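Visitor: My questions all concern the structure below.
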Amino acid sequence: MMGLTVISSRLRTIRSVIMTLEGFVVFDGEYDQHLTVHRALPPFDSPHLAEGLIDDIRLIFFEPDGQLVSCGVLDNGSAVFRHEIPGGNAIDIESLADNGWELRRYGPSQRLTRTFRVLPGERTPSGFPEKMELIASGGQTYRLVMTLLEAVHIEP
């Protein structure tokens, strides 16, 4: 599978397409204050998949919705910042020694639900990491390692 995602951090909009390597589109959805699914073929036709996909993209690429409530330095020397998110959630963002960073989202009971990290390695000329990992914890547990093929910065 291959994914194509176009985001605007300024407008907080997303358009995401998942396709086979041959170019057959199996999912096409966009987010602009609400989710619109244009195409979703099995097994990508679950409303939970569409909502989860957009939620994960928002988590990775947008500034957290909540406000910064705490920051500090961990024993390993990493700086960490905590945002409280509406609904009782929290997001911790930690800078790592290898020039990477890790993001952890916790549910209302402070149970870890998502971990996202930039893996060590090359960066594009515009600073995007080439390898990233998303780990979902809880009821739907999975691990997704993403390899960036191309990132293009578009001026507003």
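Visitor: Based on what the data block shows, is Ile14 over 22 Å from Tyr142 (Cα atoms), free of Cβ contacts under 8 Å to residues at least 24 places away in the same chain and aliphatic (A, V, I, L, M)?
Guide: Criteria not met by Ile14.
Visitor: Would you confirm, using the coordinates I've provided, whether His153 is assigned by TED's automatic domain parsing to the domain that holds Ser16, loosely packed, with under 12 Cβ neighbours inside 10 Å and closer than 22 Å to Asp32 by Cα?
Guide: No, not satisfied.
Visitor: Now a separate question. Do we have Gly66 as closer than 29 Å to His153 by Cβ, small (Gly, Ala, Ser) and within 20 Å of the chain's Cα centre (by Cα) here?
Guide: Spelling it out, Gly66 is indeed closer than 29 Å to His153 by Cβ, small (Gly, Ala, Ser) and within 20 Å of the chain's Cα centre (by Cα).
Visitor: Every residue in region 102-130 that is assigned to a strand (DSSP E or B) and surrounded by fewer than 16 Cβ atoms within 10 Å (Cβ to Cβ), please.
Guide: Start the filter on region 102-130 by keeping residues that are assigned to a strand (DSSP E or B), which leaves 102-106, 112-118, 123, 129.
Within region 102-130, Leu112, Arg123 qualify.
Visitor: Can you go through Glu94, Glu84 and tell me which one is at pLDDT 85 or above and under 23 Å from Ala151 (Cβ atoms)? Write out each step before concluding.
Guide: Details: Glu84 fails: under 23 Å from Ala151 (Cβ atoms).
Criteria check complete, one pass: Glu94.
Visitor: So His83 passes all but one of these: (1) farther than 20 Å from Gln110 by Cβ; (2) surrounded by 10 or more Cβ atoms within 10 Å (Cβ to Cβ). Which condition number does it fail?
Guide: (1)
Visitor: Is there any pair with a first residue in region 82-107 that is closer than 16 Å to Ile135 by Cα and a second that is small (Gly, Ala, Ser) whose Cβ atoms are under 6 Å apart and which are 6 or more apart or on different chains, and what are they?
Guide: Listed pairs, sorted by first residue: Glu94/Ser78; Trp101/Ser95; Tyr106/Ala90.
Visitor: Go through (1) over 16 Å from the mean Cα position of the chain (by Cα); (2) among the hydroxyl-bearing types (Ser, Thr, Tyr); (3) modelled with pLDDT under 90 and name the single condition Tyr142 misses.
Guide: (1)
Visitor: Can you confirm whether Leu144 is in a strand (DSSP E or B) and either under 18 Å from Val6 (Cα atoms) or without any contact (Cβ under 8 Å) to a residue 12 or more places away in the chain (or both)? Break it down into steps so the answer makes sense when it comes.
Guide: Working: in a strand (DSSP E or B): yes; either under 18 Å from Val6 (Cα atoms) or without any contact (Cβ under 8 Å) to a residue 12 or more places away in the chain (or both): yes.
Yes: the conditions hold for Leu144.
The values are calculated or read from the model by the stated rules, or taken from the named source; none is laboratory data. Since we're looking at a predicted model, the values are computed, not measured. Virtual Cβ from ideal backbone geometry, glycine too; neighbours counted across all protein chains shown.
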